[in-house]
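The values are calculated or read from the model by the stated rules, or taken from the named source; none is laboratory data. From a predicted model like this one, the values you see are computed outputs, not experimental measurements. So basically every Cβ, Gly included, is an ideal-geometry build from the backbone, and we count neighbours across all protein chains shown. Just the protein is used for accessible areas: all its heavy atoms, side chains included, with ligands, DNA and RNA removed. Shrake-Rupley method; radii C 1.70, N 1.55, O 1.52, S 1.80 Å.
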Amino acid sequence: MPETFKTKSTKSQLHAIDDALADDNTGLVKDMLQQLQPCDIALLLESSRSRSRLILWPLIEPDLYSDVLEELSEDVRNGIIDTMLPEKITDALEEMDTDDLVETLSTLPESVSQDLLATMDEQDRQRAELGLSYGEETAGFIMNTDTITLRHKINVDVILRYLRLKGDMPEHTDTLYVVDSEDKLMGGVAITRLITAAPDTPVESLIKDSISIPVDMEDGEVANLFERYNWLSAPVVDKNNHLLGRITIDDVVDIIREDAEHSMMSMAGLDDEEDTFAPVVKSTQRRSLWLGVNLFTALMAAAVSDLFETTLSELAVLAILNTIVPSMGGAAGNQTLTLVIRGMALGHVTARNARWLISKELAIGILNGIIWSVLIATVIALWKQDFMLGAVIAFAMMINMVAAGLAGASLPMIMRKLNIDPALAGSVILTTITDVVGIFAFLGTATWLLL
């Protein structure tokens, strides 16, 4: 392989592989793949069509299978696994870290994951079943069990000799955890302290209290703790303070990224793990449900307009202006909704300050309503030479802006109590509210005052 290829950027390498694939030069593709890191190979697979993935995967070195599968999104990874022989899947899974192994098994069909568990050796099966038992989105689900533990009645020299004998340490190890005879966590010793301490220093004099993570804590709260305390790793314990494993910063970065993708994709009714290059029929099926929900909400708004069919037929100008009030309410409400959902995700919004926040957003809705009602009334009065029409739309604007602020602030909290993801359904419900209230306020007021 020419040295020039090694110096190219990852983007250039991926383009070169695409060109070689187009020329059916699989030998060159295989050589190029050997120059890429597993994360770059994963990016290549996720950026390729399904047909190209079937060509690329057999060209990847089997030793890299586990590392590449760890980096893939759920849809793409499951599609790749469907093409693999069972023994190859087992070999790849057994090489994974505990958290990646558990996450991969949890996304597979139950029958497939059980078959794979049955083919694993006892140790790998136990660590997988342990992680699966805690349930998704918990600290236990994302923790690694590869921790180095110490006893407190030894000195630094013993530890350093043990580490030299052991050779490799688990990735992202910045702290060694001290446990008692019952494996209860006593604290941690930073690697930097061990390196700089005198050989005869007792470990117990180096122990620093560690803030431990309960095994059943939600992964979003885990991410918040890492951000707050700038951790690189943290121990995970059960209710009796037994050390079970640790969570590292790379896992937390994945959580933050996945939460961000989930919020963004959910607002469009999409799965955050959806494959960009999935087959047409599969993608259509996934999107149809959300489009059906949106059609239903649109019909609700249309039904409100239908109540005022006579008004619309006698005053055609109302049909022209009928979209302004719902549109402004929807925009204002989504600003509030997004702000509150973000605050809830970061832990800023709690039961103690929720009422104050709703009051604040209600006040903002009133103030915005006054500002934009005056502006729209002036514009319409000058445009249509009709002061009363301007007053009608101003009143409707005021009502809808207040409703938007109130709904945008309260909906996420109500939905969270009902165990509904506000990022998934909040925007649709909010839009329905602002459309219905806006149309009813505008056409109802017009019917009352103009006819």
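Measure off, as a whole percent, the carbon and sulfur share of the 1.4 Å-probe accessible area of region 200-271, all protein chains present. Write down the numbers at each step before the final one.
Numbers: 1980 of 3830 Å².
The C+S portion of the solvent-accessible surface of region 200-271 is 52 percent.
Can you compute the FRET efficiency between Asp216 and Val317 using 1/(1 + (r/R0)^6), with r the Cβ-Cβ distance and R0 = 60 Å? Round to the nearest 0.05.
The calculated FRET efficiency here is 0.50.
Quick check on the chain: what does the Kirkwood estimate of hydrodynamic radius come out to from the alpha carbon pairs, in Å? Numbers along the way, then the final one.
Values: mean 1/r = 0.0376 Å⁻¹.
Result for the chain stands at 26.6 Å.
Mean residue ellipticity at 222 nm from the helices of the chain, using -39,500 (n - 2.57) per DSSP H segment of n ≥ 4 over the full residue count, to the nearest 500 deg cm²/dmol? List each step's numbers first, then the result.
Numbers: 23 runs with 299 residues, N = 451.
Rounded to the nearest 500, it is -21000 deg cm²/dmol.
Tell me the per residue accessible area of the chain using a 1.4 Å probe; a whole number in Å² is fine. Display every interim value, and only then the final one.
Working: 24200 Å² over 451 residues.
In whole numbers, the chain has 54 Å² accessible per residue.
Students often get this wrong: which residues of region 389-424 have the backbone nitrogen under 19 Å from the point 7 angstrom along Cα-to-C-beta of Gln335?
394-412
Can you give the accessible area of Phe440, probe radius 1.4 Å, in Å² rounded to 10?
Surface open to solvent at Phe440 totals about 120 Å².
Summing +1 for each Lys or Arg and -1 for each Asp or Glu, what net charge is found among the other residues whose Cβ lies under 15 Å from the Cβ of Val203?
On the way: positive: Arg151, Lys153, Arg161, Arg193, Lys208; negative: Asp157, Asp180, Asp200, Glu204, Asp209.
In short, 0.
Note down the Stokes-Einstein diffusion coefficient of region 384-451 in µm²/s, whole number, using a Kirkwood radius over alpha carbon pairs, 4 °C, and 1.567 mPa s.
Numbers: Rh = 13.2 Å.
It diffuses with D of about 98 µm²/s by this estimate.
In region 279-327, carbon and sulfur make up what percent of the accessible area (probe 1.4 Å)? Kindly include the intermediate steps, with their values, before the conclusion.
Numbers: 2220 of 3230 Å².
That share works out to 69 percent.
Can you tell me the equivalent ellipsoid semi-axes for region 186-245? Use √(5λ) from the Cα gyration tensor, largest first, whole Å. Walk me through the intermediate numbers first.
On the way: eigenvalues 134, 41, 10 Å².
Largest first, region 186-245 gives 26, 14, 7 Å.
Report the Stokes-Einstein translational diffusion coefficient (µm² s⁻¹, integer) for region 296-358, Rh taken as the Kirkwood radius over Cα pairs, at 4 °C with viscosity 1.567 mPa s. Write down the numbers at each step before the final one.
Values: Rh = 14.6 Å.
Estimated via Stokes-Einstein, D reaches 89 µm²/s.
Please work out how much accessible surface His348 shows to a 1.4 Å probe, ignoring ligands, DNA and RNA, in Å² rounded to 10.
Looks like 110 Å² after rounding.
Specify, per residue and in Å³, the volume enclosed by the convex hull of the alpha carbon atoms belonging to region 265-390. Write down the numbers at each step before the final one.
Numbers: hull volume 22.0 nm³, N = 126.
Spread over its residues, the Cα hull of region 265-390 gives 175 Å³ apiece.
Please calculate the 1.4 Å probe accessible area of Ser205, with all protein chains present, and give it to the nearest 10 Å².
That residue has around 70 Å² of solvent-accessible surface.
Going through the DSSP H helices of the chain, which span 30 Å or more along their own axis at the Cα atoms while scoring at least 1.0 as a mean Kyte-Doolittle hydropathy?
354-384, 387-417, 422-450
For Arg257, Arg53, give me the order by solvent-accessible area with a 1.4 Å probe, most accessible first, ignoring ligands, DNA and RNA.
Values: Arg257 110, Arg53 20 Å².
Ranked from most to least accessible, the order is Arg257, Arg53.
Classify region 57-214 as rounded, prolate or oblate, taking a ≥ b ≥ c as the square roots of the eigenvalues of its Cα gyration tensor: rounded when a/c is under 1.5, otherwise prolate if a/b is larger than b/c and oblate if not. Walk me through the numbers before you get to the answer.
Working: a/c = 2.82, a/b = 2.11, b/c = 1.34.
The shape class here is prolate.
Can you give the translational diffusion coefficient of region 1-120 in µm²/s, computed by Stokes-Einstein from the Kirkwood radius over Cα pairs at 10 °C and 1.306 mPa s?
Details: Rh = 15.0 Å.
Using the Kirkwood radius from Cα pairs, D works out to 106 µm²/s.
So how do Leu450, Leu339, Leu101 rank on accessible area, 1.4 Å probe, biggest first, that is with the largest at the start?
Numbers: Leu450 50, Leu339 85, Leu101 0 Å².
Output order, biggest surface exposure first: Leu339, Leu450, Leu101.
In nm, to one decimal, how far is the modelled label at Thr149 from the one at Met265, with both set 7 Å along Cα→Cβ?
If labels sit at Thr149 and Met265, their model points lie 3.7 nm apart.
In straight Cα distance, which lysines are under 28 Å from Lys360, not counting same-chain residues fewer than 8 positions off?
Reachable lysines: Lys417.
Could you work out what % of the accessible surface of region 352-451 is carbon and sulfur, using a 1.4 angstrom probe and leaving DNA, RNA and ligands out of the count?
Numbers: 3780 of 5150 Å².
Carbon and sulfur: 73 percent of the exposed surface of region 352-451.
Would you list Leu225, Leu418 from the most to the least accessible area, probe 1.4 Å? Please report the intermediate quantities before stating the final value.
Details: Leu225 20, Leu418 110 Å².
Ranked list, largest accessible area first: Leu418, Leu225.
Amide H to amide H under 5 Å from Asn155: which residues, 5+ apart in sequence or cross-chain, H placed 1.01 Å off N in plane?
Val203
Let me check I've understood the local charge: for Val237, count other residues with C-beta under 14 angstrom from its C-beta, Lys and Arg +1, Asp and Glu -1. What total comes out?
Around Val237, the charge tally is -3.
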